[in-house]
Amino acid sequence: MARGFESVAEVFDSIHFVDSPGASFAAVVDGAQVVDIWGGSKTDLTPWIDDTLCVIASGTKGICAVAVMMCVERGLINLDAPIKTLWPEFSRGGKGDVLIGDALAHIAGVPGLEREISLAELSDPILMASLVAQQHPFVAVGSPSYHAMTFGWIAGELVRRTDGRSIGKFVKDEIAGPLKLDLYIGAPDEAVLRIAQTTRSSDYSYSAFLPGSMPDPRLAYVYGMIPPERGTADFAKIELPGGGGVASAFAMSRLYAMLANGGELDGVRLLKSETIELARRQRSEGNDPLGGRFLRFGVGFELNPNPSCLGMPADAFGHTGAGGSTHGAWPSLRTSFSYAMGEFKSENNDGRAKLLLDALHSCVAGR
């Protein structure tokens, strides 16, 4: 804990005391790690320690966005080309003319699949990508609708078709390896042993289904693919780029530190600053026609302002995860952060990340 950030630890300790469900929070300012704290317990009542990993749900989408932008910078992907130029099969149902960058901003019209999906099918990312390609739009192409799981298969297939590797392998070789990050899309056995199984609060629900909402029946196609096994260690072995990644808060804070620092961290450069700016440029904005939630996206990244908890700065970007995790950067403050936790709570009854980010912002802004 760097001097001047003690108030962040005080907030964290008030939330995650010894016998509470565990979590970790980390932050980087100007390339220096200023916060790296953990506490509470795992479901087996053993302590949450420094190398504990957990499922970051849709926080995985931010990792995917970095992988895609690395392919963009290498000239493999043109964000402003129709997606059919790289993936002709995606033209089914008239959606092939959507621009690649826009498809990654949740406006491809296929936020889910109109069929049941087995766990075996979920385990095959190439098959799942083909099912997304075959799916006819059931919301208007061009209208932002959260592609909760299908985003991952779209991003993964674009990487596979242009680079040749699966997105999990790409992340391992090109992102986690060079930056020495403890994060995975498809966890190896060694990492699986360190994963804290997730739990859910008694009132837990996805944001689209909170009390008082009038969810569209088609949301069953969006969230029905997410099996109850998500959050278990064995499930983390599956390469599930839409929401199955595992990481530590330390690792995610370092990933976003690279982005907040113009694409370089610890002498390793992954991206140019202009590529990051391209990823942060707004490509979609509006209310989701299925859940009503306001959405605002760049290329895979959530952008402030939006209902997700990314902190106070107007230029904040990153990606939150179901249940309360949040990971992102404040470029104007050269700050990155990550909150990763074991207990999933409903958005309307969860102030954990906001309290931590407010405390962090007070510390950074007051320097």
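The values are calculated or read from the model by the stated rules, or taken from the named source; none is laboratory data. Note that this is a predicted model, so its numbers are computed, not measured. No Cβ is skipped: glycine too gets one built from the backbone with ideal geometry, and neighbour counts run over all protein chains shown.
Observations, loosely collected:
- Within the stretch 39-76, restricting attention to residues that are in a strand (DSSP E or B) and within 30 Å of Tyr223 (Cβ to Cβ), the residue that is farthest from the chain's Cα centre (by Cα) is Ser41.
- Set side by side, the residues Pro211, Pro228 differ, and just one is in a loop (DSSP other than H, G, I, E, B), at pLDDT below 95 and more than 18 Å from Ala148 (Cα to Cα), which is Pro211.
- Filter result for Gly286 (out of contact with any His (no Cβ under 9 Å at 6 or more places or on another chain), assigned to a strand (DSSP E or B) and either surrounded by fewer than 17 Cβ atoms within 10 Å (Cβ to Cβ) or of a type in the set (Gly, Ala, Ser) (or both)): yes
- Residue, modelled with the highest pLDDT, within the stretch 89-139, restricted to residues that are part of a loop (DSSP other than H, G, I, E, B) and among the hydroxyl-bearing types (Ser, Thr, Tyr): Ser123
- Scanning the stretch 28-47 for any residue that is closer than 20 Å to Ala247 by Cβ, surrounded by fewer than 24 Cβ atoms within 10 Å (Cβ to Cβ) and among the basic types (Lys, Arg) turns up at least one such residue.
- Arg296 passes every criterion in (1) of a type outside the set (Val, Ile, Thr); (2) in a helix (DSSP H, G or I); (3) over 29 Å from Arg3 (Cα atoms) apart from (2).
- Residue check for Leu179: within 24 Å of Gly298 (Cβ to Cβ), touching a helix residue (DSSP H, G or I) at 6+ places or on another chain (Cβ under 8 Å) and either aliphatic (A, V, I, L, M) or crowded, with 18+ Cβ neighbours inside 10 Å (or both): yes
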